[in-house]
1. With a 1.4 Å probe and every protein chain kept in, tell me what percent of the accessible surface of the range 1-113 is carbon plus sulfur.
2. Rounded, prolate or oblate: pick one for the range 1-138, where a ≥ b ≥ c are the square roots of the eigenvalues of its C-alpha gyration tensor, a/c under 1.5 means rounded, and failing that, prolate if a/b is larger than b/c, else oblate.
3. Keeping every protein chain present and rolling a 1.4 Å probe, give me the accessible area per residue for the chain in Å².
4. Ignoring ligands, DNA and RNA, what percent of the accessible area of the range 185-289 is carbon or sulfur (1.4 Å)?
5. How long are the semi-axes of the equivalent ellipsoid of the chain, taking √(5λ) for every eigenvalue λ of the Cα gyration tensor, in whole Å from largest down?
6. Among GLY168, GLY214, GLY274, determine the one that fluctuates most according to a GNM of the chain built with springs between C-alpha atoms less than 10 Å apart.
7. Rounded to whole Å and sorted largest first, list the principal axis extents of the Cα atoms in the range 36-95.
8. Using a Cα distance threshold of under 28 Å, what count of lysine pairs results for the chain when pairs must be 8 or more residues apart or interchain?
Amino acid sequence: MSETPSLARTVLLTAVAMIAFAANSVLCRQALGEGHMDAASFTSLRMISGAITLMLILAIKSGISKPEAASWKSAAMLFTYMVFFSFAYLSLAAGTGALLLFGAVQITMFSFAIRRGERFTLIGWLGLLAAVGGLVYLVSPGVAAPNLMGAVMMIVAGIAWGIYSLLGKGATDPLKASAWNFTYSIPLVIIVSLVFIDQVAISQTGIILAIASGALASGCGYVIWYAVLPALKASQAATVQLTVPAIAAIGGVLILSEPLSARLVIASVATLGGVAIVLLQQQKQAKSG
């Protein structure tokens, strides 16, 4: 009887975290696609509001103290992800951007696993090829192809987020590490805003969307995710993130009235299915090992 509430809490928090992560794509696309805010200002306000939120939660939870060593590499990767993510959404639909981001993140992490000597089965390799093939098909030339520059920028954002995730794996206190990484990144995003000062476009709606992305979808989303993560196996944590691009695509259709193209559906099945196959094979290898 005692396990039921715990299981229900885990499922609920996991669902909320995935919705929050997907919401970043919808919020960013809404702000930029509808001209409510420029990309540089959105990035800065998202980062600043995220840092403030994380620092407040950190202060309430355990008090603010600097990490033992400043992770400037992590901050640089977070900054790179944030900037390229925003500028990519000047031209990408929410679902397309989320799939490119997720695919690039997972392929980056799989590449790291291969580099450190992890052996893939034949089925695992086929899954990885399917994932890569799905992304290649998504950006291949055609009437329904996404903007190439936007796609490249989102892939860069995904690679940066993948590296950021790998760098953060050894963090003893993920909340503290995230709070300080956001804080360290603030001067960098402000510099980007200054570089693009001539393109500034800020509205009340844009400010609300950027703060929602930074404080709620990013800041609170990460806190919820870190809270539920100990209750999930590594394979479960990785697999459940497969839902993020799908949620973002649904959000784009329902909230932004974006079309759900056959190209996106086929690419999603190939990419997400391929990633799922690799994760399943990794899980089987871990059990047998």
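1. 68 percent
2. On the way: a/c = 1.43, a/b = 1.12, b/c = 1.28.
Rounded, because the longest to shortest axis ratio a/c is under 1.5.
3. Here the residues of the chain average 48 Å² of exposed surface.
4. 72 percent
5. Each semi-axis is √(5λ); the values are 28, 25, 18 Å.
6. Looking only at GLY168, GLY214, GLY274, the biggest GNM fluctuation is shown by GLY168.
7. On the principal axes, the range 36-95 reaches 41, 24, 21 Å in Cα extent.
8. The number of close lysine pairs in the chain is 15.
The values are calculated or read from the model by the stated rules, or taken from the named source; none is laboratory data. This is a predicted model, so every value here is computed, not measured. As a convention, Cβ positions derive from the backbone with ideal geometry for all residues, glycine included, and neighbour counts pool all protein chains shown. For the accessible areas, the whole protein counts, side chains as well, though only heavy atoms, and no ligand, DNA or RNA atoms are used. Shrake-Rupley method; radii C 1.70, N 1.55, O 1.52, S 1.80 Å.
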